[in-house]
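What follows is a single structure, written as structure tokens, with notes after it.
The values are calculated or read from the model by the stated rules, or taken from the named source; none is laboratory data. Here the structure is a predicted model, which is why all the values come from computation and not from measurement. Don't worry about glycine lacking a Cβ; one is built from the backbone with ideal geometry, like all the others, and counts go over all protein chains shown.
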Amino acid sequence: MIPATQNTSFCTSWSGGKDACFALWKSIQKGFTPTCLLTMLKGDQDQTSAHGLTREVLEAQAACMRLPIIFGKASVGEYEAGLKAALQEVQRAFKTFQLAFGDIDLQAHRDWYETVLTGSGVSPAFPLWHYDRQQLLEDMFANDFETMIVSLKADKLDRNLLGKVLTPDIADRIQKQGICPTGEDGEFHTLVLNAPHFYQRLGIKTGEIIEDEWGYSQLEVSV
């Protein structure tokens with residue numbers, strides 16, 4: 001949960017995927033006020049790494065929520081410096097000193113973020129921490145989160161899942177392959193098309209499948 005402070009505004013670390021989106025929505029449900037989204041892009045490209053989403057798609061997604069989005073950039077090995085620079089912009093522009101993450105149970109991720117943000121003036125928050133994975137998925141379905149699979153580990157899942165909306169049937173199909181149906185271990189990544197706090201559904205077009213340098217098959221998405 002986001003710690004209760006006098007300033008209840010927060011920024012969300014934004015991937016465009018389901019966990020970040022659900023963390024944002026849960027924080028709103030608890031009475032906190034979102035000021036902006038923060039997305040880190042590849043240092044040499046205008047797109048994210050694991051999800052493979054472009055700046056234009058993420059800007060359109062932010063517009064569906066009527067939230068501004070801040071972009072940071074970082075090359076391999078420079079993520080920490082890039083994140084800190086982007087956070088300075090968030091603090092300056094929105095007077096926001098809390099950053100919410102969508103992490104659930106990967107302790108190493110939480111430890112890293114807490115270490116990096118020490119001394120930055122920004123407090124990390126984990127609204128979904130220790131949320132049961134299966135319950136998380138069920139709650140997303142129950143609250144009409146519409147998410148599309150846009151990236152997956154080619155050695156773990158079939159590429160024909162790309163472009164599929166994550167449904168209970170698809171989640172069951174993934175689980176039968178021995179993969180966590182929420183993709184919490186990085187087997188696949190999603191793009192949120194609609195959610196309870198969206199003012200309109202995100203309209204997209206899909207294109208080719210691209211293989212990245214980290215072993216992910218990524219679906220080209222545009223608006």
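Tabulated data
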read-out: Some residue of region 168-184 being out of contact with any strand residue (DSSP E or B) (no Cβ under 7 Å at 6 or more places or on another chain), acidic (Asp, Glu), touching a residue at least 40 places away in the same chain (Cβ under 8 Å) and not assigned by TED's automatic domain parsing to the domain that holds ALA20; value: yes
read-out: Flag if LEU87 is surrounded by 22 or more Cβ atoms within 10 Å (Cβ to Cβ) and more than 24 Å from ARG201 (Cα to Cα); value: yes
read-out: Those residues of region 12-57 which are under 22 Å from ASN143 (Cα atoms), among the hydrophobic types (A, V, I, L, M, F, W, C) and either assigned to a helix (DSSP H, G or I) or within 14 Å of the chain's Cα centre (by Cα) (or both), in sequence order; value: TRP14, ALA20, CYS21, PHE22, ALA23, LEU24, TRP25, ILE28, LEU37
read-out: Test: residue in region 65-83 that is in contact (Cβ under 8 Å) with a residue 60 or more places away in the chain and either of a type in the set (Ser, Thr, Tyr) or not assigned by TED's automatic domain parsing to the domain that holds LYS153 (or both); value: yes
read-out: Any hit, region 145-166, residues being among the polar types (S, T, N, Q), at pLDDT 95 or above and out of contact with any Gly (no Cβ under 8 Å at 6 or more places or on another chain); value: no
read-out: The lone exception for ALA60 - which of (1) of a type in the set (A, V, I, L, M); (2) farther than 23 Å from TYR113 by Cα; (3) without any contact (Cβ under 8 Å) to a residue 12 or more places away in the chain it fails; value: (3)
